[in-house]
Amino acid sequence: MLLSGIILAACSNKGDDGSTFFPDAPANPDKVKLVELVNEFRSKGESCGGKSYAATVPVSWNDTLETVAIKHSQDMNANNKLSHTGSNGSFVDERITAEGYVYTFYAENLLKGGATEEEALKAWKESATHCENLMDPKITEIGVGTAGPYWTMVLASH
């Protein structure tokens, strides 16, 4: 299973000490816009870190994955820590299962910073691992949640 995390500036937790300003994400990101942006990206062949991906099927929004994403973003915000591991030690597969989603494949993209849906997608597209998650043809559904400057995108399929 692919998992990855990013900060706009770099793939590290630099700034979690408060030394760098990260803008808050929208409190209620636009679901329609996010699906449109992801599907526009997936509709073209892309190169992610030197690996070529053919155009692939569109994704749809999933409210359960959104719930998983919101809760994880809230946890990261409460602890001021960008991490795929929840403060209770959970990983994305456990969080997905706890919400009742039965998956065959999953991935998680994280971000600290990004004030708009476009900025979040741009950051994820520019990161090889996140780009691979976005382009993976096994992914059929997404959910995104935010809290403070933290974004979580859960990508999965049944």
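The values are calculated or read from the model by the stated rules, or taken from the named source; none is laboratory data. Since this is a predicted model, take the numbers as computed values, not measurements. In this analysis, Cβ positions are derived from the backbone assuming ideal geometry, glycine residues included, and neighbour counts consider all displayed protein chains. Areas reflect the complete protein model, heavy atoms only, side chains present, ligands, DNA and RNA absent. Shrake-Rupley method; radii C 1.70, N 1.55, O 1.52, S 1.80 Å.
Per the 1.4 Å probe, what fraction of the accessible area of the range 45-146, in percent, lies on carbon and sulfur atoms? List each step's numbers first, then the result.
Values: 2130 of 4320 Å².
Roughly 49 percent of what the probe reaches on the range 45-146 is carbon or sulfur.
What is the sum of charges, Lys and Arg at +1 and Asp and Glu at -1, for the other residues whose Cβ falls under 12 Å from the Cβ of residue 118?
Result for the local shell: -2.
Give the accessible surface of the range 75-124 per residue, rounded to a whole number of Å², with probe radius 1.4 Å and ligands, DNA and RNA excluded. The partial results should precede the final answer.
Numbers: 2120 Å² over 50 residues.
Roughly 42 Å² per residue, with all protein chains present.
What number, rounded to the nearest 500 deg cm²/dmol, is the helix-based mean residue ellipticity at 222 nm of the chain, given -39500 (n - 2.57) per DSSP H run of at least four residues and division by all its residues?
-10500 deg cm²/dmol
Can you return the aspartates and glutamates within cross-link range of residue 51? Criterion is Cα-Cα under 20 Å, with same-chain partners fewer than 8 residues away left out.
40, 108, 126, 132, 136
Taking loop as defined by DSSP and a crowding limit of 15 other beta carbons within 10 Å, which trypsin sites (Lys or Arg not before Pro) in the range 16-72 fit?
Details: sites: 31, 33, 42, 44, 51, 71; in loops: 44.
When the trypsin sites (Lys or Arg not before Pro) of the range 16-72 are filtered for loop state and at most 15 Cβ neighbours within 10 Å, 44 remain.
Give me the number: length gained by fully extending residue 91 to residue 57, i.e. 0.36 nm times residue separation minus the C-alpha to C-alpha distance, one decimal in nm.
Values: separation 34, 0.36 × 34 = 12.24 nm, distance 2.67 nm.
Length gained between residue 91 and residue 57: 9.6 nm.
Taking a cut-off of 20 Å between Cα atoms, list the lysines near residue 71, but don't count ones fewer than 8 places away on the same chain.
31, 81, 112
Can you sort 103, 150 by solvent-accessible area, 1.4 Å probe, largest first? Please list the in-between numbers first.
Numbers: 103 65, 150 0 Å².
Ranked list, largest accessible area first: 103, 150.
Of (1) 22, 18, 14; (2) 31, 16, 14; (3) 39, 16, 13, which one was derived for semi-axes √(5λ) of the Cα gyration tensor in Å from the structure shown?
So the calculated entry is the one marked (1).
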